[in-house]
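A short worksheet on the structure shown next.
Laboratory data are not the source of any read-out in this text; all were calculated from the coordinates shown. Worth saying up front: this structure is predicted, and the values here are computed from it rather than measured. Using ideal geometry, Cβ is built from the backbone for each residue, glycine included, and neighbour counts are taken over all protein chains shown.
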Amino acid sequence: MKSFRKELWIEIPSRVGFLNITEQIVQCVDESQIKEGFVLVNAKHITASVFINGDERGLLQDFALWLERLAPHEPITQYRHNETGGTNGDAHLKRQVMGREVMVAITNGILDLGPYEQIFYGEFDGLREKRVLVKIIGE
Amino acid sequence: MKSFRKELWIEIPSRVGFLNITEQIVQCVDESQIKEGFVLVNAKHITASVFINGDERGLLQDFALWLERLAPHEPITQYRHNETGGTNGDAHLKRQVMGREVMVAITNGILDLGPYEQIFYGEFDGLREKRVLVKIIGE
Amino acid sequence: MKSFRKELWIEIPSRVGFLNITEQIVQCVDESQIKEGFVLVNAKHITASVFINGDERGLLQDFALWLERLAPHEPITQYRHNETGGTNGDAHLKRQVMGREVMVAITNGILDLGPYEQIFYGEFDGLREKRVLVKIIGE
C-alpha cells in the first residue's frame, strides 16, 4: 500500500468564488504513482467546500445566487455565530450545502471521472489564503 | 490490496426519479471477493446523485417535492446556465443537496449498512442512460 | 493492509441536537495503530448525520434554526412519509443537507484535520440510542 499527501494553497479574491482544481488533482495522482486507489480532496477550512460539478457557462454564477438565497449573508445579525463579532455565519451553512470533500476513484493511474465531472474549490469567506488537502491511498 | 470496478447503466423514465440500487452494490461486493475495505458509489453525471436514505413509504415523493421547492425547475429563465439553450439548471443544484457519492464500509465481506440504510440513485435530468461508478479497494 | 471497526452509541436528549465526537474518533485512530489511511465515520441511521464544521459559539444553534427553515418539522401533515403515522419526515430531509458521512485522512498516525475542523454527530429525530460506524483502512 502506498500513500501520498499534498496541501494546495488557494486564495479567492472575493468573499464568494469558485476555482476549478481538477488539473492540480490530476498532477497529484501522477506524482503519487498510485494506479488503483482512492483520492480524498477536502477543504481544511470550515467556510469552504470541495465539490464536483460541471465547468459550464452560467453554472458557477447560479450556485452563488442560489446559495445566497438558501443562506443569505445579510443581515449579518440573523446569525448567532456573528454575535462574536464575525460576519461569516452564512459561510458555515453554504459550505454544508456544497460539501466538504470528494472521493474519486483512481483506475489505471487515471482519475476515474465522468466526461463532465470537474473538481471545484468553493469559497464562502474569501480574501485570505486557505488550504485543500489531497490524500491518496492505493497501490 | 485488491481493487474492483464496475459501471452500472441506469435510465430513469422521467425527469426526476429515484432507484434503489442496494442489491446491485451487494452483488459488486460479492464479485470483488474483498472482505475488508471501502466501496465508493458515485454518479458519473453532474445532474444525478448517489445517496443513502430509507426505502420507506412517502419518502422519495417527499424528496422530490422538497427539492422542487429548494431549486425549482421553472421558470427555466431563472438560471443563467439555461441561457445556453438547456433546461437543466435546477438539476445541477438539486444534485448538490443530495450529494454525488457515498462511501460504505465492507466488513467480513458484507456491506456494512445500518438496518434501514438503502443506497439510491437520484435523477434530476432523466429520460436518458447514465452511469454510476462502483469502485472497491481493500483486501 | 489493516482494518479497524467500532460502533459508537449516542443518545441525544432532544429531537434535534449536535454532539462533538472528534475525541472519540481520535481514540479509534490510536487504537487502530494505522499510520496512513482513511477513516470513514457515518451515521447508521437515516435521520442523523455525521459532518465536519466548527465548534464555535452560536454555530450549532444557527444550524438548527436554518435546517428548521429549509425543512420545517411542522405541520407534520406536509410530508407524505408522516402519513404512515410517524412524525420524522423532516428529519430525513435535514440529514441530506448535513450529510451522512465524512472521510478523514490519517497521516503519521494522526487525524489529518484542519485547525478548526471538528467532527459532529447531528441528530434530527432523537430521544433514543443510535449508532455511528467508524471504519479505518490503511497501514
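Set side by side, the residues C:76, C:34 differ, and just one is touching a strand residue (DSSP E or B) at 6+ places or on another chain (Cβ under 6 Å) and either β-branched (Val, Ile, Thr) or within 14 Å of chain B (Cβ to nearest Cβ) (or both), which is C:34.
Of all residues in segment C:102-112, those that are closer than 22 Å to residue A:92 by Cβ and assigned to a loop (DSSP other than H, G, I, E, B) total 1. Selection of segment C:125-139 for residues being in contact with a Gly (Cβ under 8 Å, 6 or more places away or on another chain) and part of a strand (DSSP E or B) yields C:131, C:133, C:136, C:137, C:138. Of the numbered criteria (1) more than 17 Å from the chain's Cα centre (by Cα); (2) farther than 30 Å from residue C:77 by Cβ; (3) buried (at least 19 other Cβ atoms within 10 Å of the Cβ), the one residue B:71 fails is (2).
Scanning segment A:70-95 for residues that are within 12 Å of residue C:66 (Cα to Cα) and out of contact with any His (no Cβ under 7 Å at 6 or more places or on another chain) yields A:70, A:71, A:72, A:78, A:79, A:80, A:93, A:94.
Picking from residues in segment C:86-119 that are crowded, with 20+ Cβ neighbours inside 10 Å and β-branched (Val, Ile, Thr), the one that is farthest from the other protein chains (Cβ to nearest Cβ) is C:119. Out of A:83, A:36, A:56, one residue alone is acidic (Asp, Glu) and either buried (at least 22 other Cβ atoms within 10 Å of the Cβ) or without any contact (Cβ under 8 Å) to a residue 60 or more places away in the chain (or both). It is A:83. Would it be correct to say that residue C:115 is under 30 Å from residue A:7 (Cα atoms), in a loop (DSSP other than H, G, I, E, B) and without any contact (Cβ under 8 Å) to a residue 40 or more places away in the chain? So residue C:115 passes the test. Of the numbered criteria (1) in a strand (DSSP E or B); (2) at the interface with another protein chain (Cβ under 7 Å from one of its Cβ atoms); (3) touching a Ser or Thr at 6+ places or on another chain (Cβ under 7 Å), the one residue B:122 fails is (2). Cβ separations smaller than 7 Å between residues 6+ apart or across chains give the following pairs from segment A:1-27 residues that are within 14 Å of chain C (Cβ to nearest Cβ) to residues that are of a type in the set (Phe, Trp, Tyr): A:10/A:121.
Restricting A:105, A:48, A:43, A:64 to residues that are free of Cβ contacts under 8 Å to residues at least 60 places away in the same chain and of a type in the set (A, V, I, L, M) narrows the list to A:64. Residue count for segment B:125-139, restricted to those that are acidic (Asp, Glu), facing another protein chain (nearest Cβ under 9 Å) and surrounded by 22 or more Cβ atoms within 10 Å (Cβ to Cβ): 0.
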